[in-house]
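Just below is one structure, and these are the notes that go with it.
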Amino acid sequence: MTDYTDPSQSSLRLSNADRDAAVASLSRAHADGRITTDELSERTASARTAVTRGDLAPLFHDLPDTVHHDPSAAPAGFAAPPASGVPYAAAAPRETYTRARPLGGAAGVTVVAITPILALVIFLGIGFLVPGGFSWSWVIWLAVPVVAIIVYGPGGRTGYNRD
């Protein structure tokens, strides 16, 4: 995080990249538990409308500047980077979260998004056009979760994986 409280630079105008960097710094502070979700949303809204670096100063006045931290000092619970020539990824397994990969890619996502609309059209069409259609046309709604299971089910493993 850049020192936004530096008075010598408070009149400098911000670029979109500066605002994005400020929002990213606020998100890191939220992830570290330094600010609450409500504070994050308030500060993020203010950061997105800031014009000068001085406008960002109040958003960071109570947060520590993490630019000058010691990279070899790891937080509690995390392994420090190995001193040997072993790559960090090979030194210790890490836990990651993976999302489901849709079976049909973007087309599969589109099919899942369109399925409820098609189910509604078929439900109403059968209900109004076929005598006694509403008594059994509710079964069409079962297509919505079935299509989602078909598209997202076999796409890949999801959840927390240990590398």
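The values are calculated or read from the model by the stated rules, or taken from the named source; none is laboratory data. Remember, predicted model here, so these are calculated numbers, not experimental data. Calculation scope for accessible area: heavy atoms of the full protein, side chains included, ligands and nucleic acids excluded. Shrake-Rupley method; radii C 1.70, N 1.55, O 1.52, S 1.80 Å.
What are the ³J(HN,Hα) couplings of the stretch 39-44, residue after residue, when phi is run through the Karplus curve with 6.51, -1.76, 1.60 and θ = phi - 60°? Round to Hz, x for glycine and proline.
Each residue's phi maps through the Karplus curve to give 4, 4, 5, 5, 5, 5 Hz.
Rank these by accessible area, largest first, 1.4 Å probe: 46, 11, 25.
Details: 46 55, 11 90, 25 5 Å².
Listed by decreasing accessible area, they come as 11, 46, 25.
Could you order 10, 137 by accessible surface area, starting with the largest, using a probe radius of 1.4 Å?
Values: 10 45, 137 0 Å².
Highest to lowest solvent-accessible surface, that is 10, 137.
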